[in-house]
Amino acid sequence: MQWNQKKINNHIKAAKLLNKIKDEVLKYIAENYNITEYEVQQFILKQFKLYKLKTDNIPPIVAFRQNTSFVHYFPSQYSKKITHNSLIMIDIWARLNQEDSPFADITWMAYKGKRAPDKIKKVFNNVVEARDKTVNFIGSSLKIRHW
């Protein structure tokens, strides 16, 4: 797919809506004790409809605790419930419901508890550093525009 200004604009709009949904999802998790991964996934799908976003046939990824280690974990109706001190992963992707609109995709990690353990913080910081170095390398090598 060759991108033009319309596709870039649609991608940015979709990404902003995904970020809004992510914020709503984290609030939903915080306000609902004992919620399951599957219930959060279904909430995300309702938000996609609300904001008129289109996704593919693969459901969003929502994982708690040890399920966050599975790259493509898809919860079922019998999925894990959130507990105190739970690591959370949310991976969502969608596009505007317009022809030729590209997908936006975001993955977020969160922690439900007073303070994330040092081991989780260390791994997270390593991932952030690797991401930033990669983006900087690509940007300097290809001289791409940063939004």
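Each value in this text was obtained by applying a stated rule to the coordinates, not by laboratory testing. Predicted, not measured: the structure shown is a model, and the values here were computed from it. Using ideal geometry, Cβ is built from the backbone for each residue, glycine included, and neighbour counts are taken over all protein chains shown.
Observations on the structure shown:
- Dipole magnitude of the stretch 60-107, debye to nearest 20 (Cβ charges: Lys/Arg +1, Asp/Glu -1, about Cα centre): 420
- Euclidean distance of C-alpha centroids, the stretch 1-47 and the stretch 86-132, integer Å: 11
- Percentage relative contact order, the chain, counting C-alpha pairs under 8 Å, at least six apart: 24
- Our helix-only sum for the chain, with -39,500 (n - 2.57) per DSSP H run of n ≥ 4 divided by its residues, gives a mean residue ellipticity at 222 nm of -15500 deg cm²/dmol.
- Here is the list for the stretch 23-65: trypsin sites (Lys or Arg not before Pro) lying in DSSP coil, each with at most 15 other C-beta atoms within 10 angstrom of its C-beta, are Lys52.
- At the listed q of 0.11, 0.24 Å⁻¹, the Debye profile of the stretch 5-114, built from one uniform point per Cα, gives log10 I(q)/I(0) equal to -0.34, -1.32.
- Exposure proxy for Tyr33, Tyr111, Tyr73: other Cβ atoms within 10 Å of each Cβ, ordered fewest to most, give Tyr33, Tyr111, Tyr73.
- When each of Val127, Val25 is scored by the number of other beta-carbon atoms lying within 10 Å, the sequence from fewest to most is Val127, Val25.
- Think of the chain as a dipole: +1 on every Lys or Arg Cβ, -1 on every Asp or Glu Cβ, centred on the Cα centre; then among Thr55, Asn136, Ile12, Asn136 lies furthest on the positive end.
- Exposure proxy ranking for Tyr28, Tyr78, based on other Cβ atoms within 10 angstrom of each Cβ and starting from the fewest, stands as Tyr78, Tyr28.
- Angle of helix 5-31 to the longest C-alpha principal axis of the chain, folded into 0 to 90 degrees and rounded to 10: 10°.
- The chain - charge dipole about Cα centre, Lys and Arg +1 at Cβ, Asp and Glu -1, debye rounded to 20: 340
- Structure note, pairs Lys27/Lys81; Lys54/Lys112; Lys80/Lys121; Lys13/Lys114; Lys16/Lys119: Cα-Cα distances above 25 angstrom occur for Lys54/Lys112; Lys13/Lys114; Lys16/Lys119.
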